[in-house]
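J.: Structure incoming, see below.
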Amino acid sequence: MNEDLHPSQTLPNSNKNTAAVQEQIVIPVLTEEQMLLDRKVLWKIDLLILPLCTLNYFFSAMDRSDIGNAKIAGFKKDNHLSATQFSTTVSLFYAGYIVCQPIGGLLIQFVEAFLLLGIANIAWGICTIMLLFSKGMVLPGILRVLIGATEGLTQINTVFLTMWYTKDEIAVRTGLWYSFGSLAAAFNGLIAWGIQHNIHSSIFKSWQLLFLIEGAFPITFAPFLIYFYPSSPANVKKFFTEEEKRLCISRSQRAGNTIGRAVNPREAFSVFYALETYGMFIAYFCVIWSSSGYGNFLPAIVKGLGFSAVKSQLLTVPICFLGFISVNFWCYISDRLQIRGPLIIGLAMVAMIGFTILTAISSAKGPRIFALCLISCSVQPLIPLALSFLFVNTAGLSRRALLIPIQNACGQVGGLAVSYTYVDGPRYLKGTIATILCLVLLMVMVGALDLYFLGQNRVKAASMGSRRWQEDHTKSFDELGTDHPDFFFTL
C-alpha cells in the first residue's frame, strides 16, 4: 500500500485488475500530496492529449466547411450546380457523419483510439484532395459522404476526453478543443484569400488548390497522432510514471467512470429510458442547426453585402476569430461557476438578436456585419457548452460511449436539414427565420432540463442516509448511472 494514502482511499494499481477496487472506491479522495501531483498530471494531460484532440478537430473542421470558401472561389459555377444541388452537396457530408458517430463510440472498446483516429485522418485527407477532380455533382457528393463518415469516427475524441477530465475541468477543455473549429473557419478564409489573391496557376483553379492544400494537412498530421495519442487511463503505457498512471485512473473514477469495465450494451442502451436524454437531443439539434447554417454560408452572406469574392474570404476571418475568443471565455466562466444551462439560454438570446437584425435589415453593411459578429460570439460557444452539459450529466463510460455520439448525430441532423433552408441568397431569409425558431425551442428545452435536474437533485439530497442510499453507494457508476448516490446533475 502507498504510504501517502489513507487506508480507505488507496489508488488502484494500473497493472492489476481494477474492477474489484472500483466496487470499494467510487470516488477516490486524494491527500494534499496527491493533489499536488494530480495538478502536474493534469498539466501533462493538457500538453499531450488536448493539443492532439484540438488539431484533429481543427483539420476536420477545415475540411468540413471549406466547401463554403470553395463556392466563392468558383466551385459551384465550374461544376454547374444550382443552389439546391450545392446545398445537397453540402448536406451529404452529414449522411456519413450521422451514421458513423455512434459506430465510432462503440468501436472504442475494440480498436485503440490512436489507430482509429490516424486512419480516419488519412482517409478524409485523401477524399478532400480528390475533390479537385470534381465535374458535376456526383463525385463531390460521394466524397462528401466519405469525408463525413471518416470525420464521424473521430468524434470518439469527445468520449475520450470524459475519461481523463473531471466535471470541474471538462468545459474549458471542450471549449478549447471546439474553439479551434471556429479558428479553422478563419484559416479557411485566409487560405482561400491567399490563393485567390496571390496564386495564379495554369493547372489548378483556386478552389482546386484549396482542396489540395487542406487535404494534405490531416494526412501529414496522422503519423504524429498515431504515435503520441495515449491509450485509455487504465492502459496507458507511454509518457506517464507508475504513480502518474494511478492518478490517471483516479481521475477517470472521479469523472464517473468504472475502471476495468468494458462497454456494456445493456448499460449503454439504458440511456433511452431517461427523460433528459431526449431533451439533450432536441437541444443539440437546435444548437447545430443554428451554427451550421450560419457557418457553412457565412462567406456567401458576406459576399451578398456587395464585397468582392476575394474580400469576402478575408472578412470572414475576424468574424470567426471573435467566435474563437468567445468560446474560450464562456467555457472558462462555465467551469468556474459550474453552470451550463443558464449560459446556454443567455447566449441563445444574444444569437436571436443577431439573427433578428439580419432578418429586419436587408442591405445596410454596418448593421449586418455587426449582426454576424454578434452571432459568431454567441452561437459558437453554444456547441461546447451543450456538449459539456451532456458530459457532466451522464455517468459511466458505457452510457457516454453511446449517448455522446448519438447526441452528436442528432445535432448533425439539424446541420443536414438547415442546408435546405439557406437557398434564397444573398439574404437567406428562410434560413434565418427558421434559425430564430430553433433558438426559441433551445431556450425552452434547456430551461425545462434545468428545472428537472434541480428537482432530481433535491430528491436525491433528501434520501441521503437511507437504507437504499447505503446499498446503492456500494455500486459503481456504470451500474447505476445518474441514479448513483454520489451523482448530482449540473444545471
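J.: Among P218, P223, P233, which is the only one that is closer than 28 Å to A409 by Cα and surrounded by fewer than 18 Cβ atoms within 10 Å (Cβ to Cβ)?
T.: Working: P218 fails: surrounded by fewer than 18 Cβ atoms within 10 Å (Cβ to Cβ); P233 fails: surrounded by fewer than 18 Cβ atoms within 10 Å (Cβ to Cβ).
Residue meeting the stated conditions: P223.
This table checks each residue for (1) over 28 Å from I98 (Cα atoms); (2) free of Cβ contacts under 8 Å to residues at least 12 places away in the same chain.
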residue: G411; (1), (2): no, no
residue: A434; (1), (2): no, no
residue: G447; (1), (2): no, no
residue: L454; (1), (2): yes, no
residue: S466; (1), (2): yes, yes
residue: D478; (1), (2): no, no
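J.: Checking G104 against (1) touching a Pro at 6+ places or on another chain (Cβ under 8 Å); (2) without any contact (Cβ under 8 Å) to a residue 60 or more places away in the chain, only one condition comes out false. Which one?
T.: (2)
J.: Looking at (1) modelled with pLDDT of 90 or more; (2) touching a Lys or Arg at 6+ places or on another chain (Cβ under 6 Å), which one does R458 not meet, given that it meets all the others?
T.: (2)
J.: Can you tell me which of (1) crowded, with 19+ Cβ neighbours inside 10 Å; (2) assigned to a helix (DSSP H, G or I); (3) aliphatic (A, V, I, L, M) is the one I333 doesn't meet?
T.: (1)
J.: Next up: Go through the residues of region 278-296 one by one and say whether even a single one is of a type in the set (S, T, Y), farther than 25 Å from Y97 by Cα and surrounded by fewer than 22 Cβ atoms within 10 Å (Cβ to Cβ).
T.: Taking region 278-296 first, the residues of a type in the set (S, T, Y) are 278, 284, 290-292, 294.
Of the ones still in play, those that are also farther than 25 Å from Y97 by Cα are none.
Within region 278-296, none of the residues are of a type in the set (S, T, Y), farther than 25 Å from Y97 by Cα and surrounded by fewer than 22 Cβ atoms within 10 Å (Cβ to Cβ).
J.: Okay, moving on. Give me the residue from region 346-364 that is free of Cβ contacts under 8 Å to residues at least 40 places away in the same chain and assigned to a helix (DSSP H, G or I) and, out of that set, farthest from L429 (Cα to Cα). I'd like the intermediate steps shown before the answer.
T.: Residues of region 346-364 free of Cβ contacts under 8 Å to residues at least 40 places away in the same chain: 346-347, 350, 353-354, 357, 360-361, 364.
Next, from what is left, pick out any that are assigned to a helix (DSSP H, G or I): 346-347, 350, 353-354, 357, 360.
Values: G346: 24, L347: 21, V350: 19, I353: 15, G354: 13, I357: 11, A360: 10 Å.
This residue is G346.
J.: May I pose another question? Return only the number of the condition from (1) outside any helix (DSSP H, G or I); (2) of a type in the set (F, W, Y); (3) buried (at least 18 other Cβ atoms within 10 Å of the Cβ) that F239 does not satisfy.
T.: Just one mismatch for F239, condition (3).
J.: Just for region 176-216: of the residues that are part of a helix (DSSP H, G or I) and of a type in the set (S, T, N, Q), which one is modelled with the lowest pLDDT? First the steps, then the outcome.
T.: Quick first cut of region 176-216, residues part of a helix (DSSP H, G or I) only: 176-198, 206-216.
Now drop any that are not of a type in the set (S, T, N, Q), which leaves 179, 182, 188, 196, 198, 206, 208.
Values: S179: 84, S182: 72, N188: 82, Q196: 81, N198: 77, S206: 89, Q208: 91.
The qualifying residue modelled with the lowest pLDDT is S182.
J.: Here is a further query. Could you please let me know if R400 is closer than 30 Å to A360 by Cβ and either out of contact with any strand residue (DSSP E or B) (no Cβ under 9 Å at 6 or more places or on another chain) or assigned to a helix (DSSP H, G or I) (or both)? Even if it seems obvious, please write down each step before you answer.
T.: Working: closer than 30 Å to A360 by Cβ: no; either out of contact with any strand residue (DSSP E or B) (no Cβ under 9 Å at 6 or more places or on another chain) or assigned to a helix (DSSP H, G or I) (or both): yes.
Taking the combined requirement at face value, the residue does not satisfy it.
J.: Further question on the same structure: Touching a Gly at 6+ places or on another chain (Cβ under 9 Å) and either closer than 16 Å to S291 by Cβ or not in a helix (DSSP H, G or I) (or both), is that true of L343?
T.: Values: touching a Gly at 6+ places or on another chain (Cβ under 9 Å): no; either closer than 16 Å to S291 by Cβ or not in a helix (DSSP H, G or I) (or both): yes.
Answer is no for this residue.
J.: Any idea which of P318, P367 is under 30 Å from G148 (Cα atoms), in a helix (DSSP H, G or I) and not polar (S, T, N, Q)? Working first, answer last.
T.: Working: P367 fails: under 30 Å from G148 (Cα atoms).
Exactly one residue qualifies, and that residue is P318.
J.: Still on this structure: Filter region 326-350 down to the residues that are in contact with a Phe, Trp or Tyr (Cβ under 9 Å, 6 or more places away or on another chain) and hydrophobic (A, V, I, L, M, F, W, C) and list them by number.
T.: Of everything in region 326-350, those that are in contact with a Phe, Trp or Tyr (Cβ under 9 Å, 6 or more places away or on another chain) and hydrophobic (A, V, I, L, M, F, W, C) turn out to be V327, C331, L343, I344, L347.
J.: To continue, here is another question. Tell me the residue from C410, C377 that is within 14 Å of the chain's Cα centre (by Cα) and at pLDDT 85 or above, please. Walk me through how you get there before you give the answer.
T.: Values: C377 fails: within 14 Å of the chain's Cα centre (by Cα).
When all the criteria are applied, what remains is C410.
J.: Can you go through A73, A61 and tell me which one is surrounded by 19 or more Cβ atoms within 10 Å (Cβ to Cβ) and closer than 30 Å to P230 by Cβ?
T.: On the way: A73 fails: closer than 30 Å to P230 by Cβ.
Result: A61 is the single residue among A73, A61 that is surrounded by 19 or more Cβ atoms within 10 Å (Cβ to Cβ) and closer than 30 Å to P230 by Cβ.
J.: Would you mind telling me which numbered condition in (1) modelled with pLDDT under 85; (2) part of a loop (DSSP other than H, G, I, E, B); (3) closer than 20 Å to N121 by Cβ P230 fails?
T.: If we test P230 against (1) modelled with pLDDT under 85; (2) part of a loop (DSSP other than H, G, I, E, B); (3) closer than 20 Å to N121 by Cβ, just (1) comes out false.
J.: Under the condition of being among the small types (G, A, S) and closer than 18 Å to F187 by Cα, which residue from region 308-339 is modelled with the lowest pLDDT? Outline the logic, then answer.
T.: At the first step, the residues of region 308-339 found to be among the small types (G, A, S) are 308-309, 312, 323, 326, 334.
Those still in the list that are closer than 18 Å to F187 by Cα too: 309, 312, 323, 326.
On the way: A309: 77, S312: 83, G323: 88, S326: 94.
The extreme case among them is A309.
J.: Let me ask you something else. Hey, can you tell me all the residues within region 432-476 that are charged (D, E, K, R) and surrounded by 13 or more Cβ atoms within 10 Å (Cβ to Cβ)?
T.: Residues of region 432-476 that are charged (D, E, K, R), as a first pass: 450, 458, 460, 467-468, 471-472, 475.
Once the filter is applied, which keeps residues that are charged (D, E, K, R) and surrounded by 13 or more Cβ atoms within 10 Å (Cβ to Cβ), region 432-476 yields D450, K460, D472, K475.
The values are calculated or read from the model by the stated rules, or taken from the named source; none is laboratory data. Quick caveat: nothing in here was measured; it's all calculated off a predicted structure. Positions of Cβ are backbone-derived with ideal geometry, glycine not excepted, and every protein chain shown enters the neighbour counts.
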